[in-house]
Structures are given as C-alpha cells and as structure tokens.
Amino acid sequence: MSSNTFTEITTQSWGSRLKDSIGGIFFGIIMVIASFILLFWNEGRAVKRAQALEEGAASVISVSSLEIDPANEGKLVHVTGETQTSEILSDSNFKVSQKAIQLTRSSEMYQWEEKKESKTKEKVGGKKETTTTYTYRKVWSAAAIDSSNFKKPDGHDNPGGILYPQESRQAEEVKLDAFMLTSSQISSISGFQPLALPHDVLDTIPLENHSKFQIEGNTLYYGKDPSNPEIGDLKIQFSYIPPGQTISVIAQQKGNTFLPYVAKSGSQIDLLSSGALTAEAMFQSEMRSNTILTWVIRIGGFFLMFIGFRVMFNIFRTLAAVVPFIAKIVGFGLSLLSGLLAASFTLLTIAIAWLFYRPLLSIILIVVVVIILAAVRMLKKNKQEASFVPPPPTVQT
C-alpha cells in the first residue's frame, strides 16, 4: 500500500450503538427545536425585508452625485456616479503601493491535505464494521492545513503557518463625486484587477529571503522550482480595485455622506451596485435576493428538521440491526416518516409564522399540512391492515 494511503478498520458493538442512539435522541430534539426557531424567524425576516423594500421603492428619489442638496437631508436617495480616492495603499511586507479603493494580497501554500472515505458494513448481531481510508495528496491552499490532526502525520508534515498570508487594505476616504462613502459601502465595492509587480517588489523583504523568491509574470513564487513545487512553497499575487468606477447607491442622505435607511418594519436599506443602475432595477434585484434567501433558509430548515427526526428515530433502526436486512427496511421507513414529518411541521411552522405576518396565505398552508398528515395516517393504517393475518376458520365436527 502507498505511503500516502492509510486504511483503518474499526468495529462497534450493538450495545455501544444502542447507547449512542439513545444519546442521539437528545440532539435530535435540539435540532428539531432549532429548525422551528429558524423557520419562524426566517418568515418574519422575509416579510419585514419585503415591506422595507416596498416602502423604499415608493419613497426613493434620484439625485445628482455632483452636488449635495440640503433639502434631501434624511431622505432615501438614489445616487449614481464615479468613485474617487487619493489614498495610496501599501502592502505591509512587500514594496507594493497603488492608488486604490482596496488592495489585496492573495497567498497559497503547497501543503499536504488529508481526505478520508468511510464504508460501513453491518454484521449479524448488530455489530458495525467501518473501513476508513485516508488519502494524502499535495495541494495549493490559501489556508494553513494543520497536519498534527492527520491520522498519519508522519511523512505528511506541513509548516506551522503561511509565511506571507493573505492581506487586505482599504482606503479610509472614498468619494462618490460630491458624496463621501461609508466604510461598509467601500467594502461592498467590487471589481478587482490584477496588479503588475514592480521591479523592486522585494526591496522590503529580509535579505535572507531574497534568493528564495522568483517572479513569474504577476506572481511571486517562494521556492526552488515553480514547475516542481515542494511543501512550504508559496504563490503570491496582488490585486486592487481602482478608482473611477461607476457605482449606484441607495441610502439615507446624511450631510455629505450616507446612513442606512431604517424602514417602518425595522429593516435597513443600504444598497450599492456596480454600474449605472436605476433605483427600480436595484430594488428589483434586492427583492429577488430576498426571495432566494428566504427559500434557501426554508430548505435548510426542512433538512435540519429532517435530520433531527431521523436522529431521534435512529434507535428503532439500531434495535433492528441484529438482522442487517431488516435494519435496512426499518431505516428506509424511518427516513420516509422523518421526511413526511419534517415536511408537515415545516409547512405548519411557516403557516403559524404567517398567522403573524401573512394571515391570508397561512390558511392555504394549513390545508396542505392537513392533507399530508392525513396521508401519513392512511399510510400507517394500510401497513397495519397489510400486516394483519386473520385467524384460520374453525372446523366443526
């Protein structure tokens, strides 16, 4: 077997599995409760956000970026213009400086990475045998990988950290023509471009490290041979966001700058997009984002609840594990039941939340939940009827 592959076989007794399943009931209950809270909170968040965007779309006014009108103080304004800054941003280690809104150093180190793959096989009597294969390969990674946690660290040692890790710099003062952008707005600006390396980029690096660097186009390579990397080698690049980009902002006007606009629902509006976009287009984009986020959290809440129910019910599969074939059938049935319960209670939770936030639509969801629960009850009834064996007729003599 290769030195970069390691296989481990472990066994777990039926009693130990049963103990774990009993303990899992508690964690399953926590997951189900957490899913209820997440789903309920999400519906309130979605409604408040939608109400805020509707309010903003109805009240926003478009103003010129070239001059500040005091009459618009405190109002929700839409501004389109060009970003401006006079700041020179510099890297803390290398001699790299650039007039920019943001300056970023990206760094990757050549390291060992551990991947593991497990296969489980159940034995008659409830014992479980797990075969885990650990595979080690060399990869470029922006994050330092701690090799001390590897199953087989010998021969797969990584450096303790990245010598020159990723770093970001941001201008403190960036204007949108006559307006001054806030720090959060500045960090929202996109449009990074690669930065060409100056010829004296290494002048601020300790002399003992000079010979270890090579310049490959816009990349600084720390190591002997870029075509044959070794563990600990680095690839470093720089990128920046130049001023002069056209952006669009929707926020509350406050003097010569902006503040997040607080709607009646409590949700804040502080939007920034690249390009010259209309207020209508920006609000439509934000509404789509709100819808997508709402469904992502709904689906996440459903799966969290499904896993919670499945973990709670796993004790029944463990009890049946003395006969692996029966355990598979029981496991499938428990997964189906968990899915139906999760779907029902997910819809029920959303419906209850809608009673507070969307009273009319909640009635429709409650009807759907009743239909699903009726289907679950019918399924259980059919199973009971199918398993019922009538007694043989008595023979009279």
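The values are calculated or read from the model by the stated rules, or taken from the named source; none is laboratory data. Bear in mind the structure is a predicted one, so any value in this text is a computation, not a measurement. Note that each Cβ is placed from the backbone with ideal geometry, even for glycine, and that neighbours are counted across all protein chains shown.
Things to note:
- Tally of residues being surrounded by fewer than 16 Cβ atoms within 10 Å (Cβ to Cβ) and either free of Cβ contacts under 8 Å to residues at least 12 places away in the same chain or not assigned by TED's automatic domain parsing to the domain that holds Met305 (or both) across segment 34-80: 17
- Complete set of residues in segment 194-236 that are within 30 Å of Gly155 (Cβ to Cβ) and not in a loop (DSSP other than H, G, I, E, B): Glu208, Asn209, Phe213, Gln214, Glu216, Thr219, Leu220, Tyr221, Tyr222, Leu234, Lys235, Ile236
- Strands (runs of 3 or more DSSP E) fully within segment 78-133 counting 1 or more residues that are more than 31 Å from the chain's Cα centre (by Cα) and modelled with pLDDT of 95 or more: 88-90, 97-99
- Residue count for segment 89-113, restricted to those that are under 23 Å from Ser141 (Cα atoms) and either polar (S, T, N, Q) or not assigned by TED's automatic domain parsing to the domain that holds Phe192 (or both): 7
- Looking across segment 44-74, the residues that are of a type outside the set (A, V, I, L, M, F, W, C), assigned to a loop (DSSP other than H, G, I, E, B) and under 22 Å from Thr278 (Cβ atoms) come down to Ser64, Ser65, Glu67, Asp69.
- Selected residue (criterion: surrounded by the most Cβ atoms within 10 Å (Cβ to Cβ)) from residues of segment 227-268 that are in contact with a strand residue (DSSP E or B) (Cβ under 8 Å, 6 or more places away or on another chain) and free of Cβ contacts under 8 Å to residues at least 60 places away in the same chain: Pro260
- Search result, residues across segment 66-91 that are touching a Ser or Thr at 6+ places or on another chain (Cβ under 9 Å) and within 19 Å of Gln170 (Cβ to Cβ): Glu82, Thr83, Ile88, Leu89, Ser90, Asp91
- Subset of segment 148-189 (residues that are part of a helix (DSSP H, G or I) and touching a Pro at 6+ places or on another chain (Cβ under 9 Å)): Ser184
- Listed by first and then second residue, the pairs linking a residue in segment 337-363 that is basic (Lys, Arg) to a residue that is surrounded by 17 or more Cβ atoms within 10 Å (Cβ to Cβ) and assigned to a helix (DSSP H, G or I), with Cβ atoms under 9 Å apart and 6 or more places separating them unless they lie on different chains, are Arg358/Glu43; Arg358/Val47.
- The requirement of being of a type outside the set (Gly, Ala, Ser), surrounded by 14 or more Cβ atoms within 10 Å (Cβ to Cβ) and free of Cβ contacts under 8 Å to residues at least 24 places away in the same chain is fulfilled somewhere in segment 147-155, by at least one residue.
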